[in-house]
Amino acid sequence: MFYPTSHPWSTDQSLGDHLAERGVSRRDFLEFCGSMCAVLGISSTMLPKVAAQLEAIKRPSIIWLQLQECTGCVESVLRTAEPSIGDLVLDMVSLDYQHTLMAGAGEAVERAKADAMAANKGKYILVVTGSIPLEANGMYLTIGGRTGREILEEAARDAAAIVGVGACAHFGSVQAARPNPTGAVGINKIITDKPVVNIAGCPPIGDVVTATLVHFLTFGRLPEMDSEGRPLFAYGKRIHDQCTRRAHFDAGQYVEVFDDEAARKGWCLYKVGCKGPAVFSPCPIFQWNTRTSWPIGAGHPCIGCTEPYFWDTMTPFYGRLPNVAGFGIESKVDTIGAALALGATAGVAAHAAATGLYQLRHRKQAEAEAAAGSSTPTKEG
Amino acid sequence: MTAPSHPAPGARRPPIEVGSLDYARKVPPPSGDYQWIYLWEKPLRFMHWIAALCIVLLALTGFYIGRPYFVPAGDPGDAYLMGWFRFVHFVAAALFVMTGIVRVYWLFMGNRFERLPALFPVRKRDFRNLFRIVKFYLMIEPEKAPKYLGHNPLQQLSYTGMYLVAALMVVTGFAMYGQSNPGGLIYTAFNWVNPAMGGAPIVRFVHHVLTWAFLIFIPIHVYLALRADALERTGTISSIISGGRFVESTEEFVDAE
Ligand code: SF4
Ligand code: SF4
């Protein structure tokens, strides 16, 4: 719908004017605003207001830092469901620094970043993917000779909003899993004086990133968040409560192994370790790859990638209970429990037998004493 | 008309005629004056049996929820097995929690065998007796063990321990339950437990493991009650049904006031 243009969005032009220049019809624009309202859970009566607000915005500047990460989140964001949305936000906004997507390299882009931050002081949006390693003075991650921490602190100082994208940015994801050799932490551990949105997921769904940015551009503030900093419009409900396999869960129909009849019938993945009952994520609704499918839909249990420290808390991925200090594999914990309960029963049975023996011995003693006692008077008498 | 419906707690009824109880051959028949001691008031007895029923239901349904075993075939529109198990679990849990709330109220309103101080061996003498009670159960000089009308110090500790286990079960249960309605009352009140314990799976684990604490407690508890009833012949089992038990009027009790 939108094509690259030789007229880039100039700094003082409003979005509405720029779209008109690019030949985007009013109708298409409203359609886009409508889809954003739907994603953000904004009532459609607000549509004219959202459209007016969005139309009036000036070209925002985005600085995108990629720290200790695998680029998977960038890949995910580039595949936002509707190309028009991805284009609108990622192509047309001024993505002033994104070292994977930039054509330039080396000192030139570092300088461009510094220039953009200076020019848009207090106005640019900072997007961060990846965690920050703190061990060895942060030497596990350096870009242009500076540590991740330095780079982040500098970029965060004058940012209007900070959006952490992916499990790494908030919880350190796999590199922060025990024993966390590089001391990886999320940005919220370093930037404590500003709110940081947590677009959780490993990776998160691109649409959520786009919608969060649109929310900020439209309303000038970040969307409402839960206690983990995740936007409620996306992370407000459990997977389990939106899951297409839920009817099978309630029915008691479960996949036992991945290639059984139940798996072919699409039954619930609870017994093969699905973490859906404790995971807040929009996966079942937004879905992946232009709403093609999603993990549970494709037959894989949810591994809880949007939850805090999921590599530590949600493992083993194919079991119901966590492996607490080598103690938790459920068969093990139930074996130990059953052994103790049986042991207690056997113990009381043994105690009962011992009590019986004790009673018997004492009764005999008492009888002997009684016999001795009664024999004395007869002798005397 | 003037007589209270129940004797005051710990009060002794006038001696009753026991008659010849020489039904157990070779065992000296109970002798002397027996008196009925009123220990457990009606609310406490009700709470005991409601909690017992709830715990059995919760454990049975809980094990199914933790690892569902029956597999109903056919259309999920017709089957609702997990649904029913969870329904029973939640109803029993609600009843259990209400019982718990009344128990807390009764910690302040109950008689001296039921009130808060009766939950712990608070007095020095009870603390010292603890050791002798342990010896009693090990059948080392059992006749020297101190006697209690209400709970002995070891009972106090183990029952209070089970109260704590029950409280943990309730808290972890609500932490999981609340997630189905984020922002709701239960979520708001209990969701902090999830991060505090290190994630919802740990909460599930704790809830699962603590079930075994009940299942280990039950055989021991039932056995010791039966044993006391059989050996002491004071109607211990009956005391959680009728509220009181019989003791010989000449016997000395540590907590006889
Ligand atoms: S597949 Fe997972 S999320 Fe879906 S109903 Fe089963 S347990 Fe819940
Ligand atoms: S289904 Fe679960 S693990 Fe998979 S992407 Fe969604 S939230 Fe992450």
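Quick look at the values:
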item	result
Scope the stretch A:8-28; condition surrounded by fewer than 16 Cβ atoms within 10 Å (Cβ to Cβ) and under 13 Å from residue A:93 (Cα atoms); matching residues	A:8, A:10, A:11, A:12, A:14
Residue list for the stretch B:193-227, restricted to those being more than 8 Å from every other protein chain (Cβ to nearest Cβ), farther than 20 Å from residue B:161 by Cα and either under 19 Å from the mean Cα position of the chain (by Cα) or free of Cβ contacts under 8 Å to residues at least 12 places away in the same chain (or both)	B:196, B:226
Members of the stretch B:86-136 that are closer than 21 Å to residue B:239 by Cα, buried (at least 18 other Cβ atoms within 10 Å of the Cβ) and without any contact (Cβ under 8 Å) to a residue 40 or more places away in the chain	B:118, B:133
Looking only at the stretch A:260-317, and only at residues there that are among the aromatic types (Phe, Trp, Tyr) and within 9 Å of ligand 2 (Cβ to nearest atom), the one that is most open to solvent (accessible area, probe 1.4 Å)	A:288
Residue ID - surrounded by the fewest Cβ atoms within 10 Å (Cβ to Cβ), chosen from residues in the stretch A:142-158 that are in contact (Cβ under 8 Å) with a residue 12 or more places away in the chain and in a loop (DSSP other than H, G, I, E, B)	A:144
Tally, over the stretch B:147-175, of residues that are assigned to a helix (DSSP H, G or I) and touching a Pro at 6+ places or on another chain (Cβ under 8 Å)	3
Residues within the stretch A:197-233 that are free of Cβ contacts under 8 Å to residues at least 60 places away in the same chain and either β-branched (Val, Ile, Thr) or within 12 Å of ligand 2 (Cβ to nearest atom) (or both), tallied	3
Tally of residues being facing another protein chain (nearest Cβ under 10 Å), touching a Gly at 6+ places or on another chain (Cβ under 6 Å) and buried (at least 23 other Cβ atoms within 10 Å of the Cβ) across the stretch A:233-250	1
Among residues of the stretch A:180-192, those that are within 20 Å of the chain's Cα centre (by Cα) and open to solvent by 10 Å² or more (accessible area, probe 1.4 Å), counted	8
Filter pass, residue A:174 being out of contact with any strand residue (DSSP E or B) (no Cβ under 6 Å at 6 or more places or on another chain), open to solvent by less than 20 Å² (accessible area, probe 1.4 Å), in a helix (DSSP H, G or I) and assigned by TED's automatic domain parsing to the domain that holds residue A:203	no
Near pairs, Cβ below 6 angstrom, 6+ apart or cross-chain, from the stretch B:59-77 (facing chain A (nearest Cβ under 7 Å) and free of Cβ contacts under 8 Å to residues at least 60 places away in the same chain) to any residue that is part of a loop (DSSP other than H, G, I, E, B) and open to solvent by less than 70 Å² (accessible area, probe 1.4 Å)	B:68/A:252; B:72/A:252; B:72/B:79
Residue match in the stretch A:301-324 (condition: among the small types (Gly, Ala, Ser), over 25 Å from residue B:70 (Cα atoms) and away from every other protein chain (no Cβ under 13 Å))	no
Positions within the stretch A:251-282 being more than 13 Å from residue A:297 (Cα to Cα), without any contact (Cβ under 8 Å) to a residue 24 or more places away in the chain and away from chain B (no Cβ under 12 Å), in sequence order	A:257, A:259
Criterion: farther than 21 Å from residue A:355 by Cα and either touching a strand residue (DSSP E or B) at 6+ places or on another chain (Cβ under 8 Å) or assigned to a helix (DSSP H, G or I) (or both) - qualifying residue of B:132, B:128, B:112	B:128
Tally of residues being surrounded by fewer than 18 Cβ atoms within 10 Å (Cβ to Cβ) and either facing chain A (nearest Cβ under 9 Å) or in contact (Cβ under 8 Å) with a residue 12 or more places away in the chain (or both) across the stretch B:183-192	4
Failed condition for residue B:127, given (1) at the interface with chain A (Cβ under 9 Å from one of its Cβ atoms); (2) at pLDDT below 95	(1)
Positions within the stretch B:228-257 being touching a Phe, Trp or Tyr at 6+ places or on another chain (Cβ under 7 Å), open to solvent by 40 Å² or more (accessible area, probe 1.4 Å) and either free of Cβ contacts under 8 Å to residues at least 60 places away in the same chain or of a type in the set (Asp, Glu) (or both), in sequence order	B:248
Residue within the stretch A:195-204 that is of a type in the set (S, T, N, Q), away from ligand 1 (no atom under 16 Å from the Cβ) and touching a Lys or Arg at 6+ places or on another chain (Cβ under 7 Å) present	yes
Residue that is open to solvent by 30 Å² or more (accessible area, probe 1.4 Å), among the acidic types (Asp, Glu) and under 20 Å from the mean Cα position of the chain (by Cα), where the choices are A:256, A:224	A:224
Scope the stretch A:199-232; condition away from chain B (no Cβ under 14 Å) and either among the polar types (S, T, N, Q) or part of a loop (DSSP other than H, G, I, E, B) (or both); matching residues	A:201, A:202, A:203, A:204, A:205, A:210, A:212, A:218, A:220, A:221, A:222, A:223
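Residues are listed down the side, and each one gets a yes or a no for (1) touching a residue at least 40 places away in the same chain (Cβ under 8 Å); (2) of a type in the set (Ser, Thr, Tyr); (3) under 19 Å from residue A:61 (Cβ atoms):
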| position | (1), (2), (3) |
| --- | --- |
| A:163 | yes, no, yes |
| A:166 | yes, no, no |
| A:170 | yes, no, no |
| A:173 | yes, yes, no |
| A:181 | yes, no, no |
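The values are calculated or read from the model by the stated rules, or taken from the named source; none is laboratory data. This is a predicted model, so every value here is computed, not measured. Quick reminder, even Gly has a Cβ in these numbers, built from the backbone with ideal geometry, and neighbours come from all protein chains shown. Please note that ligands, DNA and RNA were not included when accessible areas were found on the heavy atoms of the full protein model with its side chains. Shrake-Rupley method; radii C 1.70, N 1.55, O 1.52, S 1.80 Å.
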